[in-house]
Amino acid sequence: QLQLVESGGGLVQAGGSLRLSCAASRSIFSINRMGWYRQAPGKQRELVAAITSAGSTNYLDSVKGRFTISRDVAKNTVYLQMNSLKPEDTAVYYCKAESNLLPYWGQGTQVTVSS
């Protein structure tokens, strides 16, 4: 079993920054893929950024150049650095891990960007 705990969300003004953390309950070294998703009220959950065990990354077009996903294997943690935040980035952000074809989700952390 794998548990994920997100932290780092909060209220920030437009143009500000936040760093989200996703702490895993065990080593992430062999986890195939980890990602950050978000869901705004009335909208579907969408992939924001993902990173593979080989270090490859991909991003939602609207966050490219502003968000950076990274992982620290020693700390079993994946991060999402969010810069130049916009009100449309407001959502609950979820961490997801894909291990042995099984998905694992965190409980989510709220990010609110005021204009």
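The values are calculated or read from the model by the stated rules, or taken from the named source; none is laboratory data. Computed from a predicted structure; not experimentally measured. A quick note on method: Cβ atoms are made from the backbone with ideal geometry, for glycine too, and the neighbour counts reach across all protein chains shown. The protein model used for the area step is the full one, side chains on, heavy atoms only, and it has no ligands, DNA or RNA in it. Shrake-Rupley method; radii C 1.70, N 1.55, O 1.52, S 1.80 Å.
A few notes on this one:
- Near pairs, Cβ below 9 angstrom, 6+ apart or cross-chain, from the range 12-31 (basic (Lys, Arg)) to any residue that is part of a loop (DSSP other than H, G, I, E, B): Arg19/Gly8; Arg26/Gln1; Arg26/Leu2; Arg26/Gln3; Arg26/Asn76
- When the range 51-60 is filtered for residues that are in a strand (DSSP E or B), without any contact (Cβ under 8 Å) to a residue 12 or more places away in the chain and either open to solvent by less than 40 Å² (accessible area, probe 1.4 Å) or not hydroxyl-bearing (Ser, Thr, Tyr) (or both), only Asn58 remains.
- Members of the range 74-105 found to be buried (at least 21 other Cβ atoms within 10 Å of the Cβ) and touching a helix residue (DSSP H, G or I) at 6+ places or on another chain (Cβ under 8 Å), listed by number: Met82, Asp89
- Of all residues in the range 1-50 being in contact with a helix residue (DSSP H, G or I) (Cβ under 9 Å, 6 or more places away or on another chain), assigned to a loop (DSSP other than H, G, I, E, B) and open to solvent by less than 30 Å² (accessible area, probe 1.4 Å), the one that is nearest to Glu88 (Cα to Cα): Ala40
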